[in-house]
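The structure appears below as structure tokens.
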Amino acid sequence: MKRKTLGVCRTGALIAIGVFLGRGAHADTTLTFDSDAASCTPPQMENPNAPPGITNFGNYAAISSGGVTVSGFGTPNIGLRWSGSPWPDTRWEYYNAPGTPWAGAVQLQDSFVGSTEELTFIPNNPSARVTVESFSFDAYYNDKERFTYQVSVVSGTNVLSGPTTVSYLSDATKNHPVNINYTGLPGQSLKLQLLRVPSTLGAGESEGNAYNNAVDDIAFAQTPATTFPAGPQVVSVTPPDGTSGLPATSVPPYAAIITNGPTLTVANPIQLKLDYSLVSPPPTVTSLGGGLTSVTYPGATSVGLTSGPHVYTLTYADNLGGFYTNEVEFITSFTTLPAAYALPPGSGVTRGFNFRLVSAYSQAFAFVLDSSIARAVAQLNGTLINTNTGQPYTNDAVLGPNPDGSYNVDTVINFNGDGFDEGDFTNDVLFPGLPTGGASWYSTEALLFLDLPAGYYRFGVNSDDGFEVNALPPQGVSGSPMVLGLFDGGRGAADTLFDFQVTTSGVYPFQVIYFQSTGRATEEFFSVTNLVTGDKILINDPNYSNAIKSYRALKPRLTHIARNGPNAVVDWAYGTPPFQLQFKSSLTAPVWSNIGAPTTNQTATVPIQPGAGFFRVSGQ
């Protein structure tokens, strides 16, 4: 599904046209991403069209160069850091193909809904200030794809400007300007964030492909118009800025190296803060020689963090009276499952899960269906419309033995579209219900009941193409599906990890939705058993005692008792018929009495007797 054009260059001179958006009279720098006309070289000599993408480009610009246009004084004290979340898939990539839509731009690679591209402007002297001026979105195809972003300028976890929502159609132009014009404090780093959010679609529009968008003409400035000497700078830091997916069970360790040791001073103590409070104990500061200083903090394994962004702030000084700040943001992301979603421990009866596949293979043609969760849900619900007929697609799948056409699977989700191993695990098997030759345009649903003791969990799905994992409320309990993890688009086999917390031990209903478009197909559902080493085990793998247990059949569970005139209406869920409703007037009574004959129903109407009474239901 990924559409790309590799960078090429034509002979002869190129004309670099800078679009200067919303700038005043002061000098600035514009990143045009155009090739150097004389040498026909890209602005970054290494190949940035793979991880880590653009890195050392646009730093400390005092004169124009390939892809960089300096007006007047430029930005000689401003360095740039290019990043994205989730890293490294979400990143900035450079292409230049003159005479095509790719005529000098920086692609927003893997810019899916929920992902963020970030560009940080970093002064190397405490007297320099940064102004983030403007840029332009470059939607380089003309195919009515809609893109929507929230644009912000932040420092650490503090939002300084925005978020401003920008929505536009792909029209093969870069005429989608965004004017910001925010100036930071002296020495303050500013981070430009582009968060992709869902679009509101009009007639004939589709949500933009994650690879079909770019940014051009990024303009920024430095004030005052003075070249300052570079002060001591942080040259490496752990965790890297923008790190996401860290477990929230502990505070991660911190390590930084500061260069330019001769001007670094300890007359003002080097300090480290976590979320703007001093860490305890203070960090360890060590001279490494060669003008380098190390700052380390072990973190805290006994302290948990909330879900969301956190920031380490390092402050230090030079011997000329300058003070410096270096901030790195990291993100812990997890969901806490509601206690009400837990069925009692021991509810599981039969190991496995129910699996259903819906295919439109014989009715769909190349690229007529979206690679999206929305398509998968509609296909599973039987509401996906075939635009050729105006009617819903019919199901080409081989139906399973259950009334809804599903299959009972006793083992693991480790499926493949052609029977060959792909992904993280071996011994792949074909998707149940896959029609002969029907390796395209299908969606699947797995319903599992997972036995989860209280604790912190990291799960993952390796998929080609996309998926969504939901925690569901049990029958008889109000609530909505909770999305724990997803990948909403087309891709080759790759992992997506997600964390959640269980506060109440029990058996939790889960739903795994998966969709395949064209090409290879794989789906694996696993848990990460060691957050440090990343060891993985398939959910319900019978070969491992520490595998998360999954059930497809549960004990019956009373869900509702209500009076209806002289009767009580008793309802229950789960279990396997026949069911037997029973009663006794006291929990200390030695036996339960059957009410009526065994039934396949999950409700019964019982005359109300004087005094107190207790019901229970049993099944197979």
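All of the numbers you see were taken from the coordinates with simple rules; none came from a lab. If you're wondering where the values come from, they're calculated on a predicted model, not measured in any experiment. Note: ideal-geometry Cβ built from the backbone for every residue, glycine included; neighbour counts use all protein chains shown.
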Point to revise | the chain, dipole about Cα centre (Lys/Arg Cβ +1, Asp/Glu Cβ -1), debye to the nearest 20 | key: 1420 debye
Point to revise | ³J(HN,Hα), Karplus 6.51/-1.76/1.60, whole Hz, each residue of segment 220-227, x for Gly, Pro | key: 8, 9, 10, 10, x, 7, 9, 8
Review point. Per Stokes-Einstein, at 4 °C and 1.567 mPa s, what whole-number D in µm² s⁻¹ belongs to segment 202-287, with the Kirkwood radius over Cα pairs as the hydrodynamic radius?
Key: 71 µm²/s
Revision key, fill the gap. Under the Karplus relation with 6.51, -1.76 and 1.60 and θ = phi - 60°, whole-Hz ³J(HN,Hα) for segment 524-530, x at Gly and Pro, equal 9, 10, 9, 10, 9, 8, 9
Revision key, fill the gap. Long-range share for segment 485-620, i.e. C-alpha pairs more than 23 Å apart as a percent of all pairs, stands at 57 percent
**Study point:** Radius, Kirkwood style, for segment 421-530 when every pair of distinct Cα atoms is counted (Å)
**Key:** 15.0 Å
Check your understanding: Using just the C-alpha positions of segment 259-384 as equal point scatterers, what log10 of I(q)/I(0) does the Debye formula give at each q in 0.09, 0.10, 0.14, 0.17 1/Å?
Key -> -0.61, -0.66, -0.81, -1.01
Study note, to complete from the structure: Sequence order, segment 582-590: Karplus ³J(HN,Hα) from phi using 6.51 cos²θ - 1.76 cosθ + 1.60, θ = phi - 60°, Hz rounded, Gly and Pro as x, gives 10, 8, 8, 7, 8, 5, 8, 4, x
Check your understanding: Taking the convex hull of the alpha carbon atoms in the chain, what volume per residue do you get, in Å³?
Key -> 206 Å³
Point to revise | Principal axis box of segment 337-553, alpha-carbon based, largest edge first, Å | key: 50, 39, 29
Check your understanding: Using modelled amide H (1.01 Å from N, peptide plane; none on Pro or chain starts), what sits under 5 Å from the amide H of Phe73, excluding residues fewer than 5 places away?
Key -> Ala27, Asp28
Study note, to complete from the structure: For Val235 and Asp571, extending 7 Å from Cα along the Cα-Cβ vector and measuring point to point gives, in nm, a value of 6.8 nm
Study note, to complete from the structure: Given backbone amide H placed at 1.01 Å from N, residues whose amide H is under 5 Å from that of Tyr94, ignoring those fewer than 5 places away on the same chain, are Asn49, Ile54, Gln107
Practice item. Give me the orientation-averaged projected area of the Cα convex hull of segment 555-618, in nm², one decimal. Key: 4.3 nm²
**Study point:** Compactness of segment 28-223, expressed as Rg and Dmax over alpha-carbon positions, Å
**Key:** 16.0, 51
Revision key, fill the gap. Using the Kirkwood radius over Cα pairs of segment 469-560, the Stokes-Einstein translational diffusion coefficient at 4 °C and 1.567 mPa s, in µm²/s and rounded to a whole number, is 83 µm²/s
Practice item. Would you mind checking which residues have amide H under 5 Å from Asp418's amide H? H placed 1.01 Å from N; only 5 or more apart, or other chain. Key: Ala521
Point to revise | Size-normalised alpha-carbon gyration radius of segment 234-332, reference 2.2 N^0.38 Å | key: 1.09
